Amino acid sequence: MGKLGGLVATIVFSYGSQGDPLGAQTIFVIAGFSCLMGLITTILFIPNTTMLELSSVDQLWEARLADRPYSGPALADMNLSYLEIWLDVGKEA
């Protein structure tokens, strides 16, 4: 996907405005918007596992892949992504 993204960016930035190259200001705005979307995606979807031992993270993902229940430190609110907190992942119903 990285090479495809580079190709698309080259085509859009080179021939984006009716065959004319895009200006520096437009490229800057597009890059800034892309960075902002990456930040929002990271904050919403990536769990914070920096305070966990790697074995706890491994146990969590092994349980998820095997569709087994997991109860451990990886399900503490401070270790979940905001989306997982909002969806009550790992909480008893």
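Only the coordinates and a few stated rules stand behind these numbers; no lab work does. Please read all numbers here as calculations on a predicted model, not as lab measurements. We place every Cβ from the backbone using ideal geometry, glycine too, and count neighbours over all the protein chains shown.
Residue pairs whose Cβ atoms lie under 9 Å apart, sitting 6 or more positions apart in sequence or on different chains, and linking a residue in region 25-50 that is farther than 11 Å from L83 by Cβ to a partner that is surrounded by 12 or more Cβ atoms within 10 Å (Cβ to Cβ) and among the aliphatic types (A, V, I, L, M), are I30/A9; I30/V12; I30/L22; N48/L80; T49/V57; T49/L60; T49/A74. Under the condition of being surrounded by fewer than 12 Cβ atoms within 10 Å (Cβ to Cβ) and more than 16 Å from the chain's Cα centre (by Cα), the residues counted in region 24-49 number 4. Using the structure shown, decide if L7 is assigned to a helix (DSSP H, G or I) and surrounded by 11 or more Cβ atoms within 10 Å (Cβ to Cβ). It is false that L7 is assigned to a helix (DSSP H, G or I) and surrounded by 11 or more Cβ atoms within 10 Å (Cβ to Cβ). Looking across region 35-68, the residues that are among the β-branched types (V, I, T) and not in a helix (DSSP H, G or I) come down to I46, T49, T50. Picking from residues in region 64-77 that are among the hydrophobic types (A, V, I, L, M, F, W, C) and within 12 Å of V89 (Cβ to Cβ), the one that is surrounded by the most Cβ atoms within 10 Å (Cβ to Cβ) is A74.
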